[in-house]
Amino acid sequence: MNIDTRTIRGVTVVRLGPRLDGAHAKQFEEALLPLIEKEQSVVLDLAELEYMSSAGLRVVLLVSKAASERNGRMALSSAYGAVYEALVITGFDTMLGHYTTVAEATAALSGKENTP
């Protein structure tokens with residue numbers, strides 16, 4: 001599993017892939033929870049994620065709850081195919097907010113939706 005982070009508009013963007021499954025869920029959780037401790041807003045960029053199991057969905061939910069408990073926000077971006085379908089079926093796309101692009105997600109979380 002690859003996990004890369006960068007900051008856009010004051011929002012931490014985490015790109016992960018290619019799989020978020022039982023074998024990688026703990027690694028993902030251990031990488032994300034410290035970020036949630038420090039950051040107010042996090043976008044999960046799912047453009048390179050080809051597969052997400054129920055273990056992966058559980059960690060996304062766990063991290064989202066941790067962000068909420070710290071008055072932070074988390075959003076999802078760029079999911080496609082089976083990963084997007086899993087988000088829709090579970091309601092994560094609505095609960096967390098799914099945006100077509102990272103730019104849209106960071107704009108929404110930074111409060112600068114009308115900024116180019």
Take LEU33 and decide whether it is buried (at least 21 other Cβ atoms within 10 Å of the Cβ) and either at pLDDT 95 or above or touching a helix residue (DSSP H, G or I) at 6+ places or on another chain (Cβ under 8 Å) (or both). no
Hey, LEU46 within 18 Å of MET95 (Cβ to Cβ) and at pLDDT below 95 or not: no
Can you name the number of the only condition in (1) buried (at least 22 other Cβ atoms within 10 Å of the Cβ); (2) in contact (Cβ under 8 Å) with a residue 40 or more places away in the chain; (3) touching a Ser or Thr at 6+ places or on another chain (Cβ under 7 Å) that MET74 fails? (2)
Evaluation of TYR84 against (1) loosely packed, with under 13 Cβ neighbours inside 10 Å; (2) more than 22 Å from GLN40 (Cβ to Cβ) (one fails), failing number: (1)
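The values are calculated or read from the model by the stated rules, or taken from the named source; none is laboratory data. This structure is a prediction, so every number in the text was calculated from the model and none was measured. Don't worry about glycine lacking a Cβ; one is built from the backbone with ideal geometry, like all the others, and counts go over all protein chains shown.
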